[in-house]
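> Dropping the structure in here first, questions after.
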Amino acid sequence: MTAEARSANAATPPLTERQEARRRRILHASAQLASRGGFDAVQMREVAEAAGVALGTLYRYFPSKVHLLVATMQDQLQHMHTTIRKRPPAGDTPADRVAETLMRAFRALQREPHLADAMVRALTFADRSVSPEVDTVSRLTTVIILDAMGLAENPTAQQLSAVRVIEHTWHSALITWLSGRASIAQVKIDIETVCRLIDLTAEPRTP
């Protein structure tokens with residue numbers, strides 16, 4: 001995140017309980033509309049009506065549909081993270097656990113293909129104005145992967161580099177699956193293959 005974005009976030013006061021409830025309704029309405037018809041089905045006026053807020057209020061929370069759908073993806077990832085923490089992956093190695101975690105996340109998106117497509121398209125369309133929201137999605141994905149690795153604290157630069165490559169592969173695999181260019185079996189192979197990078201970043205054991 002840029003210094004400007006950090007400053008903007010620091011200057012933004014926390015939401016009140018009422019504002020947070022309103023934001024939750026907006027994100028729920030966005031996800032419901034996207035689940036039914038994908039990216040094109042998410043129209044700001046319809047989101048406002050479904051959430052029970054004025055259109056101007058919606059735009060104060062989310063300046064555009066892309067902002068809204070990227071925030072929706074963040075919300076979906078947070079739900080996944082909570083679920084994964086309640087039922088952690090059972091693989092024997094960090095690479096196995098990360099692959100299992102990402103495939104569980106992938107299967108959750110697979111159950112809502114229209115929603116997945118809408119969120120991924122929003123990430124693809126995002127410009128500089130959406131950078132803070134995109135950065136938040138990226139950071140959350142990183143946390144999910146590091147948790148699965150058992151490295152919630154103090155990962156090395158090499159490990160973080162491997163995590164970034166894994167994130168890129170997972171995102172690319174999702175895009176190719178949504179476009180019909182990859183099967184779920186191929187996605188699983190690609191995810192398991194890239195997760196082997198984790199083994200290369202493991203610190204050598206001291207004799």
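> Hand me the list of helices (runs of 4 or more DSSP H) wholly inside the range 85-185 holding 2 or more residues that are of a type in the set (Ser, Thr, Tyr).
Values: elements: 94-110, 113-125, 131-149, 157-178.
Passing ranges, in order: 131-149, 157-178.
> Within the range 114-123, is even one residue open to solvent by 60 Å² or more (accessible area, probe 1.4 Å) and in contact (Cβ under 8 Å) with a residue 40 or more places away in the chain?
Looking through the range 114-123, at least one residue is open to solvent by 60 Å² or more (accessible area, probe 1.4 Å) and in contact (Cβ under 8 Å) with a residue 40 or more places away in the chain.
> Hey, another quick one. Check the range 63-76 and report whether any residue there is among the hydroxyl-bearing types (Ser, Thr, Tyr) and at pLDDT below 95.
No: zero hits.
> Give the residue, chosen from Val66, Val98, that is closer than 23 Å to Val42 by Cα and crowded, with 19+ Cβ neighbours inside 10 Å.
Just one listed residue meets the conditions, Val66.
The values are calculated or read from the model by the stated rules, or taken from the named source; none is laboratory data. Values in this document were obtained by computation on a predicted structure and should not be read as measured data. Because the Cβ atoms are built from the backbone with ideal geometry, glycine has one as well, and the counts that use them run over all protein chains shown. Keep in mind that these areas ignore ligands, DNA and RNA; they rest on the heavy atoms of the full protein, side chains included. Shrake-Rupley method; radii C 1.70, N 1.55, O 1.52, S 1.80 Å.
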